[in-house]
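Undergrad: Here it is, the structure, as structure tokens.
The values are calculated or read from the model by the stated rules, or taken from the named source; none is laboratory data. In this text the structure is predicted, and so the values were computed from the model without any measurement. As a convention, Cβ positions derive from the backbone with ideal geometry for all residues, glycine included, and neighbour counts pool all protein chains shown.
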């Protein structure tokens, strides 16, 4: 298992991340962790805001809560998939409702790239994210299918 | 005569005659009637013998008597046949006609010789008539009496003794028959009354039964409604628990997040004292989170929202993972912790790794929690088409009376033990529910002070037998 102290401070350098959550505290935690590892982080409070920011900033990855006011994560995901300029952005779902087969299935059907469960502790969050990123094309290594994480 | 002691025997016989079902009753009646006619058959030759005897003594024989006897026998036979077809009344009236004609014939020609014959026939006829309704008996009896008494009209030479003696015998006999008839009708009436009373009772019982049935149906419906309500309330309760748990997890997210950031140094350096306090916030929040997760799991299981997802898994890798997770606990409590995997078990089996881990980690945490010193052992072995996960410890053990509720929610052995042994009391309830969901069984063997052994038996699903099942 990758321990947080084994992860270098620049593990996320060069990543442009959009995080979406209606709880400011949760947003703050994710923001601080991602920033700590060198990512450039943008924050949105709901799906609607996130869509606007995604169009303007075109982030490398979006990490979104599912249950949000104004526009929830499911709807946001559907709209992202429907928008050809955004549909290539991997979106990772964040949920407080544990992992269940139904939710996983539904998340995959709607188009989420993967799934992280709350609560996020910095250690698990960053290791999980790095694990997922091993499957993502790194912006610094465009064209490489499976780049090494760090 | 009506209240005679023979009543009981006769009563039984007669009642058995009546209580028989309609068609059986008919058959019985027909048999009785034909018995009487057969008696007549016996009387007819007897009568012929008497007649013959009289004729032997009488030097002036009359061949008409032979003809008469023959005709009477033929008529009796015909009546017999008619009666056998169930037509009692015509049979009786036919016999009556015969007797009256014979009576007149005798009155005209030879009053002495035919006496015994017609008397026997009349008596037999009377007995036969008993099977007819009272009105017919009266008509037949009256006609015979009239026939006897009017004989002098046909033959004025007939002595009075030839008319009145048979008439007197006849009247006495008829009287006896009449009493018997009354007795019969009274018994029938009683039986009828009894039957109708029984019928009324059974109808009343039927009505009562129907009412009970209706009440039962109503209460059944109420029960179903109550059941539906209970189901609904379980759903509502589970929904409530899930919502509450979710709401609890949201602030936990922030707490765990910020303490994590501070402890990992992402938020700047902390002095030792502050670090120590934050570490305590961290441990406590983790425990709180585990409790919330347990409640959430249990509510999902109760609301039947939790599913078991079978995927191929490597059992040995999983055991290594479990060792890693609980090894810290073992080290903290300086316990000897060993694991053992049956080499016969297939490398890869089908199972829900997450739920399986939940079961084993819960059982192991439980073992560590209740074992102050000694060892904890995890053993996985194959048992035919099942596999067995066994966790045994040298801990404090569980008293026999506590073993029955140990798997219930929020139960620890007793109030006094909840203090030293922390825990939600949900772990074993979750384990039991998960094992059930996987079509398995969990058993417990324990003696107070001598450790406990939890045994989980689950169906062994391997890629091979999954294929076999599919094929």
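Undergrad: If only one of B:295, B:301, B:349 is surrounded by 18 or more Cβ atoms within 10 Å (Cβ to Cβ), away from every other protein chain (no Cβ under 11 Å), within 53 Å of the chain's Cα centre (by Cα) and part of a strand (DSSP E or B), which one is it? So that I can check it myself, show each step before the final result.
TA: Details: B:295 fails: part of a strand (DSSP E or B); B:301 fails: part of a strand (DSSP E or B).
The conditions single out B:349.
Undergrad: So residue A:71 ticks every box in (1) assigned to a loop (DSSP other than H, G, I, E, B); (2) without any contact (Cβ under 8 Å) to a residue 40 or more places away in the chain; (3) within 12 Å of chain B (Cβ to nearest Cβ) but one. Which box is left unticked?
TA: Exception for residue A:71: condition (3).
Every residue, every condition in (1) within 20 Å of residue A:118 (Cα to Cα); (2) outside any helix (DSSP H, G or I); (3) away from chain A (no Cβ under 14 Å); (4) at pLDDT 85 or above, yes or no:
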| residue | (1), (2), (3), (4) |
| --- | --- |
| B:233 | no, no, yes, no |
| B:248 | yes, no, no, no |
| B:253 | yes, no, no, no |
| B:261 | yes, no, no, yes |
| B:275 | no, no, yes, yes |
| B:282 | yes, no, no, yes |
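Undergrad: Only one of (1) part of a helix (DSSP H, G or I); (2) under 47 Å from the mean Cα position of the chain (by Cα); (3) exposed (fewer than 15 other Cβ atoms within 10 Å of the Cβ) fails for residue B:358. Which number is that?
TA: Here residue B:358 meets the rest and fails (3).
Undergrad: Within the stretch B:304-337, track down each residue that is within 30 Å of residue B:243 (Cα to Cα) and part of a loop (DSSP other than H, G, I, E, B).
TA: The answer is B:304, B:305, B:306, B:307, B:308, B:309, B:310.
Undergrad: Another one. Look through the stretch B:235-246, keep the residues that are surrounded by fewer than 16 Cβ atoms within 10 Å (Cβ to Cβ) and free of Cβ contacts under 8 Å to residues at least 60 places away in the same chain, and return whichever of them is farthest from the other protein chains (Cβ to nearest Cβ).
TA: As a first pass, look at the stretch B:235-246 and keep what is surrounded by fewer than 16 Cβ atoms within 10 Å (Cβ to Cβ): B:235-237, B:239-240, B:243-244.
Checking which are free of Cβ contacts under 8 Å to residues at least 60 places away in the same chain leaves us with B:236, B:240, B:243-244.
Details: B:236: 18, B:240: 15, B:243: 10, B:244: 12 Å.
Among residues in the stretch B:235-246 that are surrounded by fewer than 16 Cβ atoms within 10 Å (Cβ to Cβ) and free of Cβ contacts under 8 Å to residues at least 60 places away in the same chain, the one farthest from the other protein chains (Cβ to nearest Cβ) is B:236.
Undergrad: Now, a different point. Does at least one position in the stretch B:151-158 carry a residue that is surrounded by 14 or more Cβ atoms within 10 Å (Cβ to Cβ) and within 23 Å of residue B:92 (Cα to Cα)?
TA: Here is the first cut: in the stretch B:151-158, the residues surrounded by 14 or more Cβ atoms within 10 Å (Cβ to Cβ) are B:151-152, B:154-155, B:158.
Checking which are within 23 Å of residue B:92 (Cα to Cα) leaves us with B:151.
Yes, the stretch B:151-158 contains a residue that is surrounded by 14 or more Cβ atoms within 10 Å (Cβ to Cβ) and within 23 Å of residue B:92 (Cα to Cα).
Undergrad: Whether any residue in the stretch A:19-32 is under 30 Å from residue B:247 (Cα atoms) and away from chain B (no Cβ under 14 Å) is what I want to check. Even if it seems obvious, please write down each step before you answer.
TA: Of the stretch A:19-32, the ones under 30 Å from residue B:247 (Cα atoms) are A:19-32.
Retained after the next criterion (residues that are away from chain B (no Cβ under 14 Å)): A:20.
Looking through the stretch A:19-32, at least one residue is under 30 Å from residue B:247 (Cα atoms) and away from chain B (no Cβ under 14 Å).
Undergrad: Kindly establish whether residue B:186 is within 30 Å of residue A:9 (Cα to Cα) and either at pLDDT below 85 or away from chain A (no Cβ under 14 Å) (or both). Give the steps one after another, and end with the answer.
TA: Details: within 30 Å of residue A:9 (Cα to Cα): no; either at pLDDT below 85 or away from chain A (no Cβ under 14 Å) (or both): yes.
Judged against the criteria, residue B:186 is not a match.
Undergrad: Would you check if residue B:396 is in contact (Cβ under 8 Å) with a residue 24 or more places away in the chain and closer than 30 Å to residue B:311 by Cα?
TA: Details: in contact (Cβ under 8 Å) with a residue 24 or more places away in the chain: yes; closer than 30 Å to residue B:311 by Cα: no.
Here the answer is no, as residue B:396 does not meet what is asked.
Undergrad: I've got another one for you. Just need a number here: residues in the stretch A:43-68 that are in contact with a helix residue (DSSP H, G or I) (Cβ under 9 Å, 6 or more places away or on another chain) and either over 20 Å from residue A:118 (Cβ atoms) or surrounded by fewer than 19 Cβ atoms within 10 Å (Cβ to Cβ) (or both). Walk me through it before giving the result.
TA: Keep residues of the stretch A:43-68 that are in contact with a helix residue (DSSP H, G or I) (Cβ under 9 Å, 6 or more places away or on another chain), which gives A:43-48, A:50-51, A:54, A:59-68.
Now narrow it down to the ones that are either over 20 Å from residue A:118 (Cβ atoms) or surrounded by fewer than 19 Cβ atoms within 10 Å (Cβ to Cβ) (or both): A:43, A:45, A:48, A:51, A:54, A:59-60, A:67.
The total comes to 8.
Undergrad: Out of the residues in the stretch A:90-107 that are more than 9 Å from chain B (Cβ to nearest Cβ) and not in a helix (DSSP H, G or I), state the one that is modelled with the lowest pLDDT.
TA: Applying the first criterion (more than 9 Å from chain B (Cβ to nearest Cβ)) to the stretch A:90-107 yields A:90-95, A:103, A:105-107.
When the remaining residues are screened for being not in a helix (DSSP H, G or I), the result is A:90-95.
Working: A:90: 88, A:91: 90, A:92: 89, A:93: 87, A:94: 83, A:95: 76.
Taking the candidates together, the pick is A:95.
Undergrad: Collect the residues in the stretch B:365-375 that are crowded, with 22+ Cβ neighbours inside 10 Å and either at positive phi or at pLDDT 90 or above (or both), keeping them in residue-number order.
TA: none
Undergrad: Moving to a separate point now. Of the residues A:21, A:25, only one is under 21 Å from residue A:121 (Cβ atoms) and surrounded by fewer than 16 Cβ atoms within 10 Å (Cβ to Cβ); which? Explain how you work it out, then say what you get.
TA: Working: A:21 fails: surrounded by fewer than 16 Cβ atoms within 10 Å (Cβ to Cβ).
The conditions single out A:25.
Undergrad: Please pick out the residue among B:252, B:266 that is surrounded by 15 or more Cβ atoms within 10 Å (Cβ to Cβ) and touching a residue at least 24 places away in the same chain (Cβ under 8 Å). I'd like the intermediate steps shown before the answer.
TA: Working: B:266 fails: touching a residue at least 24 places away in the same chain (Cβ under 8 Å).
Just a single option satisfies the conditions, and that option is B:252.
Undergrad: Residues that are surrounded by fewer than 17 Cβ atoms within 10 Å (Cβ to Cβ), within 14 Å of chain A (Cβ to nearest Cβ) and either at pLDDT below 85 or under 16 Å from residue B:392 (Cα atoms) (or both): does the stretch B:327-343 have at least one?
TA: Scanning the stretch B:327-343 turns up at least one residue that is surrounded by fewer than 17 Cβ atoms within 10 Å (Cβ to Cβ), within 14 Å of chain A (Cβ to nearest Cβ) and either at pLDDT below 85 or under 16 Å from residue B:392 (Cα atoms) (or both).
Undergrad: When you scan the stretch B:280-300, do you find a residue that is in contact (Cβ under 8 Å) with a residue 24 or more places away in the chain and in contact with a strand residue (DSSP E or B) (Cβ under 6 Å, 6 or more places away or on another chain), even just one?
TA: No, the conditions are met nowhere in the stretch B:280-300.
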